[in-house]
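Below: the structure, in C-alpha cells.
Read the figures in this text as sums done on the coordinates, not as results from a lab. Given the structure is predicted, the values throughout are model-derived calculations rather than measurements. Every residue, glycine as well, gets a Cβ built from its backbone with ideal geometry; the counts of neighbours run over all protein chains shown.
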Amino acid sequence: MNNPQIDRNIAPATASLQFDGFPSCRTEKINNQFPCFIFENHNSEVVRLDLLFKTGSWLQQKPLQASSMARMMTEGTKQYNSFQIAETIDFSGAYLDVTSSQHNTVLSVYAVKHILVTLFPLIRSILTESVFPEEELKVVMANNKQEFIIGNKKVMSLARRHFPAMLYGENHPYGRILLESDFDTIAAADLKEFFGKIPLQECSVYLGGNIDSDVISSLGDLLDSFQNGAVVQEQTEAVINLSSQKEKIIEISDAVQSAIVMGLPVIGRQHPDFPLLMLTNTILGGYFGSRLIKSIREEKGYTYGISSGITPRLMGSHLSIQTEVNVNVTSQALDEIFSEVSRLSAQTVSMEELNTARNYIFGNVLRGLDGPFALTDRLMTAHSEELDPESYYRNYWDSLAKATPDDILETAKKYLNADGFRVLIAGKK
C-alpha cells in the first residue's frame, strides 16, 4: 500500500477548539438527605470518593487548628491506632487523605471498587471517633515546625507567607501570618473542639469512576452514622484591610536573591468579567509565552522564572506576580514589571498574541474536564464558590471566544491599575 508523501515544510491543518458544555453528572439524594454527584466511567475499576464538609480555617479560633485537625484524623480513633489505619489502607492498595482549606474539609479515597466498601468502617471511625493522640500530635507539630523554620530561610517562602496580610490585613482569615510559636500552642483539645464542630449531617458526596448500586447502598449505611453532627456555622464575610503601605521590605542581610511578590485585590469567579481578567492575566504572566517571561527572563535576564496568577476564593480574590532575582537588580526588575503592567493598560495587544493566550486557556479548560476525577475537582470547586458549573463554564468559554484586543485593554485599565499594587520584597533592594 502506497502512503502519500508528506511535505514536512507545510504545517498540518488546525481546527478551532470546541466546547460542548460541562459534562452532566448523575445526582442522587442518599438516604433522602445527602446530595451525591456521580461521574461514571465503567472502563476502569478505580473509584474516587470525596466527602465534603463546610468547615475550614475560616472558622478556626487558633492558627493551625483546622489543618492540624485534618492531618491528625488519620493518626488514631477509638477503634484504630495510627499503625492500624496505615496498615489497612496500604494492604488495600488504597489512598486516603483528609485536607482542610479555608472553607471546606474533605476526606478523599481512591480505591478499586470492591475494596472501597470494605474501607467504610474505617472512614466512619475517622469521621466520628478520631481521638488526636498527644504523642503523635507532638511528633507531627515538631516536624511541621522544623519545615516552617527551614522554609523561613528561603526568601520566596518568607515573601509568600507575609504578602497576603498586605492585601487583606493581619486579622483577616486570608491574611493571618503564621508564626513559629503557633506550632507550640496547638493542643489536642483544640483539635477535638474543631472536630466536634464538623457538620457531618450536611455532608456532600462526590463519586467518580466505576460506580454501581452496591457502592451507593453501602454508602447509605456509612452516611447513617452522620446524623448527629454539629450545626453548620455560617461563614460570614470579614473586613478586608488593604495596607496603606504600598511597598514592604523584609531585609535579609546575607541574601543573594530577592523574592518579589506583588499584587492587588481583584474580582472572583462569580463576576461576569472574570474570564476576560483571566485572559488578560495569561497575556501578562500566566504562561511561558507571556510578556513577563519575554521581558524579565528572556530580554533582561533578571530571573529564571516569573509568573502571574489569580487566586479566586469565596470571600476575596487577588492577582499576584512572583519572581526571584539577584539582589543587585531588584529595583530594575520591579520597574520592568510595572512597565509591563502599564503597557497592557496603554496599548492594545495584537490578535496573534491574544489568540495564543486564548488557545492556551482553552486547552487547559478541556484538559481540566477530561475524565471523572478531573470533573469531580471542577464540580467541587464550583459548588464551593456557589457557582452553577454548566452556566459558569459556558459563559467562561463564550466570553473568551469573542474577546477582542479592545476588551483586553479595557480589562487591564479597569482591574490592573499600577497604583493599586502592593509589593513585598524579601531580600534586598
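I need the peptides 370-383, 268-281 ranked by packing, meaning the mean over residues of other C-beta atoms within 10 angstrom, with the highest value on top. Please report the intermediate quantities before stating the final value.
On the way: 370-383: 17.9, 268-281: 20.1.
So the order, starting with the most tightly packed, is 268-281, 370-383.
Excluding Glu353 itself, calculate the net charge of residues whose Cβ lies under 11 Å from the Cβ of Glu353, where each Lys or Arg counts +1 and each Asp or Glu counts -1.
Within the 11 Å Cβ shell, the charges total +2.
Binning at 10 Å from 0, report for the chain what percent of all alpha-carbon pair distances ends up in each bin.
Calculated over all Cα pairs of the chain, the distribution is 4, 18, 25, 25, 19, 8, 1, 0 percent.
Can you list the lysines whose alpha carbon sits under 29 Å from that of Lys428, skipping same-chain ones fewer than 8 residues off?
Lys145, Lys153, Lys154, Lys246, Lys248, Lys294, Lys300
With Cβ to Cβ distances under 12 Å as the rule, what net charge do the other residues near Lys62 carry (K, R +1; D, E -1)?
On the way: positive: Arg176; negative: Asp182, Asp184, Asp190, Glu193.
After counting each charged neighbour, the total is -3.
State whether region 128-179 is rounded, prolate or oblate according to the following rule on the C-alpha gyration tensor (a ≥ b ≥ c being the square roots of its eigenvalues): a/c under 1.5 gives rounded; otherwise a/b larger than b/c gives prolate, and the remaining case gives oblate.
Details: a/c = 4.18, a/b = 1.58, b/c = 2.65.
Judged from the Cα gyration tensor, region 128-179 comes out oblate (a/c at least 1.5, b/c at or above a/b).
Using C-alpha positions alone, give me the convex hull volume of region 59-106 per residue in cubic angstrom.
So the per-residue hull volume is 79 Å³.
Count the net charge of all other residues whose Cβ sits under 14 Å from the Cβ of Asp335, scoring Lys and Arg as +1 and Asp and Glu as -1.
Within the 14 Å Cβ shell, the charges total -1.
With contacts defined as alpha carbon pairs under 8 Å and 6 or more residues apart, what's the relative contact order of the chain in percent?
Working: 733 pairs, mean separation 89.0, N = 429.
Over the chain, the number comes to 21 percent.
In Å, what is the Rg of the alpha-carbon atoms in region 181-290, and how long is Dmax?
Every Cα atom of region 181-290 included, Rg and Dmax give 23.2, 63 Å.
Spin-label point model (7 Å from Cα, Cβ direction): what's the Gln245 to Ala189 distance in nm?
Roughly 3.5 nm, to one decimal.
With unit charges on the beta carbons (Lys and Arg positive, Asp and Glu negative) and the dipole taken about the Cα centre of the chain, which residue among Ile425, Ala374, Asn104 sits farthest to the positive side?
Projecting each Cα onto the dipole axis, the largest value belongs to Ile425.
For region 54-209, what does the relative contact order come out to in percent, with C-alpha contacts under 8 Å and a separation of six or more?
30 percent
For region 247-427, calculate the relative contact order in percent as a whole number, restricting contacts to Cα pairs under 8 Å that are 6 or more residues apart. Let's see the in-between values first.
Values: 269 pairs, mean separation 70.9, N = 181.
Relative contact order here is 39 percent.
Going by C-beta contacts inside 10 Å, put His162, His318 in order with the fewest on the left.
Neighbour counts put them in this order, fewest first: His162, His318.
On the Cα set of region 296-405, report Rg and Dmax in Å, please.
Considering region 296-405 through its Cα atoms, Rg and Dmax are 17.5, 49 Å.
For the pair Ala401 and Ala238, how long in nm is the line joining their label points, each one 7 Å along Cα→Cβ?
4.0 nm
Using +1 on the beta carbon of Lys and Arg, -1 on that of Asp and Glu, and nothing else charged, what's the dipole of the chain about the Cα centre, debye to 20?
Roughly 940 debye for the chain.
Measuring from label point to label point, each 7 Å out along Cα→Cβ, what is the Ser157 to Tyr304 span in nm?
Result: 1.7 nm between the two label points.
Starting at 0 and stepping by 10 Å, how many percent of the alpha carbon pairs of region 29-120 end up in each bin?
All Cα pairs, binned at 10 Å, distribute as 14, 38, 36, 11, 1 percent.
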